[in-house]
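Any read-out appearing in this document is the output of simple, stated calculations on the displayed coordinates, not a laboratory observation. Being a predicted model, the structure only gives us computed values, none of them experimental. Heads up, the Cβs are rebuilt from the backbone with ideal geometry, glycines too, and the neighbour counts pull from every protein chain shown.
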Amino acid sequence: MPPPGVFSVFLLLLLAGVPAGAEKAERLSPYFGTKSRYEELHRYLLDDPYSPGPSRTGFPLPASSCAPLQLTAIFRHGTRFPTRKQIEKLSRLHGQVIRRSKARPPCSAAQRLARWPPWLRPSMDGKLAARGRRDMEALARRLASRLPSLLAPSRRFAFASSSKPRCLDSAAAFREGLRQSLFGSDKDAVLSETFEINDELMRFFDHCEKFVKDVEDNKTAMHEVDAFKEGPEMKKVVQKIANTLCLPVTELDADLVQVAFFTCSFGLTIKRINSPWCSLFSTGDAVVLEYLNDLKQYWKRGYGYDINSRSSCNLFQDIFKRMDQAVMESKSSKPISSPVILQFGHAETLLPLLALMGYFKDKEPLKAQNYNVQAGRQFRSGRIVPYAANLLFLLYHCDKASSPEEEYKVQILLNENLLPFPHSGQKVSLYSSLKTQYRDILQNCHFDDVCAVPKNAATAG
Ligand SMILES: *[C@@H]1O[C@H](CO)[C@@H](O)[C@H](O)[C@H]1NC(C)=O
């Protein structure tokens, strides 16, 4: 007799008449990269999005000795729709597939996809999906249950956001989740905090001239990505998909195949459905497409170029300025003016910051040629920055310290897991030693200098 849980799932599947290949999207979802759902990291959230999950060893620090003093959180927005550009590319691909489906002899895969009702409209352009609002609401409630002394009704919450609607909407959903946690079903209770729009902090990459010139607008900066698109691994996937769709391979390329893969991901993340686009891909194909996505993140947002991470040093310094302030206030027994700082941005906000801090750095750079070497890489964007990704800096005040240095400690969490400090491997650090570790960035990284473009170079190109 199977356990009742297994049996009821079986029964449910039977009753729901799950379409053929229902498990397909689920099997591919570990490889969706920056388009991963948050639940991929914590599977128990699929059953209960409010579950705090198993207790984390060492978090929070024991209340008998240390009390949370300040939380600084940086979020990526929740699940979103594809951008206009992606939706337009998909229409092009779908058009080709439809044409092929009418050809003689008939092509069964193309016919199946031709019947796919296109539900993505260009006007959805990167907006937050209903699922994304739920991501943020549930995240707020989980954090509030873990840090009840900080996320408490008496506190002031300092919200800041990127100007993008998906970020502002994420902030609003988070605030609503917080309201529910703090005031339960009392519908009259409101959180009146407004959101400061701060693109200089949350979209620093737009404001860093050197980054824009050297990387963003530079046609050759992504040469490893371009090489991988033309390389043997990707070529094989493109050829296979072309065969399946009965298309000449010249009508497909890596970008179109990637759009088909994204469409599969959007079906699962936004609507929790198994898009027929998923049936085109094997797990092996997905692993290759994940690498393509990671390669781009690596060169555009990660360790690929120093300017990628250096352009985030303002944000990094801002976090420490606020911790400094809290330590100062605590030392003089004043109330903490900003006990909770909640900032809403993008994957592009978090990846450079994590690289600046030295996280997820592989021995070898990610390249087109070393796909095989990188199978076990640390830099997997789906694990680092899925939708609703969150990086928390938690500052504690500890009693019974043997020296003033020992009084202030920090823990860092990424996506609700403690992140060991890159220098020590420990999951807690004295605030003072953290500042020593990052002294160079804190003292010598000046955004204006780092991002300056030499005057004469602007005309030379
Ligand atoms: C563009 O990127 C390439 C490769 O990193 C680099 O060699 C070149 O200097 C860059 N060009 C500009 C204008 O920054």
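Quick notes
- Distance between the C-alpha centres of region 141-178 and region 354-383: 31 Å, rounded to the whole angstrom.
- Of the trypsin sites (Lys or Arg not before Pro) in region 92-187, those whose Cβ has at most 14 other Cβ within 10 Å and which sit in DSSP loop: Lys102, Arg115, Arg156, Lys187
- Kyte-Doolittle mean at least 0.5, axial Cα span of 15 Å or more - DSSP H helices of the chain: 4-16, 254-271
- Per residue, the Cα convex hull of region 232-290 amounts to 74 Å³.
- Simple rule: put +1 on each Lys or Arg Cβ and -1 on each Asp or Glu Cβ in the chain, find the dipole, and look at Phe204, Ile87, His397; the Cα lying farthest toward the positive end is Ile87.
- Over the chain, DSSP H runs of length four or greater, each weighted -39,500 (n - 2.57), average out per residue to a 222 nm ellipticity of -13000 deg cm²/dmol.
- Put in line by how crowded their Cβ is, counting other Cβ atoms within 10 Å and starting with the fewest, Thr283, Thr244, Thr269 read Thr283, Thr244, Thr269.
- For the chain, a Kirkwood radius taken over Cα pairs fed into Stokes-Einstein (25 °C, viscosity 0.890 mPa s) yields D = 103 µm²/s.
- Number of Lys pairs (Cα under 22 Å; 8 or more positions apart or on different chains) in region 203-329: 14
- Taking 12 Å as the straight-line reach from the Cα of Lys164, the aspartates and glutamates in range (excluding those fewer than 8 positions away in the same chain) are Asp125, Asp199.
- Taking Cα centre as origin and charging only the Cβ of basic (Lys, Arg, +1) and acidic (Asp, Glu, -1) residues, the dipole magnitude of the chain rounds to 1360 debye.
- Region 250-339: mean projected area of Cα convex hull, nm²: 10.2 nm²
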